[in-house]
Amino acid sequence: MKKNNTKKVFSSANFFFICIMFMFFFSYYYNEWQRNRAINNNFANIIFFIMTIAICAYFPIRFPLFIKTENEKIDESYYDDIYYKKLGFWSQLYLGFFYWTKCNDSISLFSKKILCLGIKNRECKFTYNNSEVKKIYRIFDFILTVISSIVVFFLAQEFSKMGIVYGLTLSVFSLLFAFRNIILNHIFSVKIGNEEEYNLSIMYPYCIFDGIMSRKYGFAYYGDNNILLQKDVFCGGEILKKYIIAHEKGHLKTSNRTKNLLLLFTIIFATISFFTSVGFMVQIGVKRTELIILPLIMYAVFLYVYLTLLRKKSEKDEFLADVYAIKNIGKEAVLKGLEVIKKDTLYKNYEVKLSGIEIDRRIKFVKEYKG
Ligand SMILES: [Zn+2]
């Protein structure tokens, strides 16, 4: 076996993140401090100071300046099929901001991270490495760091005024955060082929709580007609794979795309309206707390109704997808697939629900279905 070459390298990508985060908090804190001093609120200043120190102390852990790299190679002669995916600038930027479960291991935002998948029968092997970092990439990182730091410095000043900039920045961040799992699944999956007119991709087990994540066996993405499978589903035998693919295909076949798009725009619109209206009211000097709380209450009510409707819709969609699967691969195959899931140790240990529905309810539904 080849020995892995481990070495420590300087990460100019993390230098970028540390600089802009620090710049943001420094500028924001300075403004708050000035404001509190003007109204003689020393207590707020102390609280704010402690918070800022705590957040800044977290940066070096989240963004280490020196990264241990281990270039794990896949033995190309051993696997039948090998697939690659390159994660570029935007993916790495997103991971830096929103993938918090691990310290950020990007070396340069302009070099690529390479996701590689080797498949042989029921064996799936993933590697996740940094590609070669050229000197020019480092220069780009530094230029980007300087420009972004200046932008962030002014942005943070605007941010502390709690105006439109504050509203928009918070909206964008909270939306990117809300759709985190969908985006991360996208980033961490490798396309291996097609399933009829759909793309078929396998997901790299990126979550540290691997088991907890894997209660989701597959995903169907309408945007790019993609069926994503967990690595363990793809390599976990034909019965499970066949059922999950048929079920996810059912989601794509039976979904109403206009309705889904409308739902997406509604939440985006409501979120932006909420954050900007709070910011707007503060900025025009609305002092009465009730008036500022009003958008908050409206948004909370909206979220409650929206999420309730979404849960109902997704439950209906699940059964529709199973009906499609029954018509596609037959009742027996669907039941066998569900039984495999039921026997999964995860289900026994945690009694988790499969897309919000207990496994027994699904089995009962399929058994009683007469099409
Ligand atoms: Zn489903």
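Worth a mention:
- Packing order of peptides 269-278, 122-131, 301-310, highest average first: 269-278, 122-131, 301-310 (average count of other Cβ atoms within 10 Å over each peptide's residues).
- Legend: Rg and Dmax of the stretch 55-98, from Cα coordinates, 15.8, 47 Å.
- Computed over the stretch 196-286: relative contact order in percent, which uses C-alpha pairs under 8 Å that are six or more apart: 23
- The GluC sites (Glu not before Pro) found in the stretch 166-254 that occupy coil by DSSP, while having at most 13 further C-beta atoms within 10 Å, are Glu196, Glu197.
- Candidates per trypsin sites (Lys or Arg not before Pro) in the stretch 263-371, loop by DSSP, up to 11 other Cβ within 10 Å: Lys287, Arg288, Lys370
- Simple spin-label estimate for Asn31 and Asp75 in nanometres, 7 Å along Cα-Cβ: 5.7
- Share, in percent, of DSSP beta bridges within the stretch 161-371 that are antiparallel, nearest 5: 70
- The chain - percent relative contact order, Cα under 8 Å, separation 6 or more: 15
- Whole-Å distance, taken between Cα centres, linking the stretch 139-182 and the stretch 237-280: 26
- Cut-off under 5 Å, modelled amide H: who pairs with Leu200 long-range: Ile192, Gly193, Asn194, Glu195, Ile227
- Per the Kirkwood formula applied to alpha carbons, the stretch 161-371 shows a radius of gyration over Rh ratio, Rg over Rh, of 1.06.
- Counting only cysteine Cβ atoms and a cutoff under 4.7 Å, the chain contains unmatched residues Cys19, Cys56, Cys103, Cys116, Cys207.
- With R₀ fixed at 51 Å, the C-beta to C-beta distance from Phe177 to Tyr369 puts the FRET efficiency at about 0.85.
- Relative contact order of the stretch 161-371, defined on C-alpha pairs under 8 angstrom at six or more residues apart (%): 24
- Using a simple spin-label model with pseudo-atoms 7 Å out from Cα toward Cβ, Lys134 and Lys120 lie 3.4 nm apart.
- Among beta bridges that DSSP assigns inside the chain, antiparallel share in %, nearest 5: 85
Computed from the coordinates by the stated procedures, all read-outs in this text should not be read as laboratory data. Not measured: the values here are computed from a predicted model. Quick reminder, even Gly has a Cβ in these numbers, built from the backbone with ideal geometry, and neighbours come from all protein chains shown.
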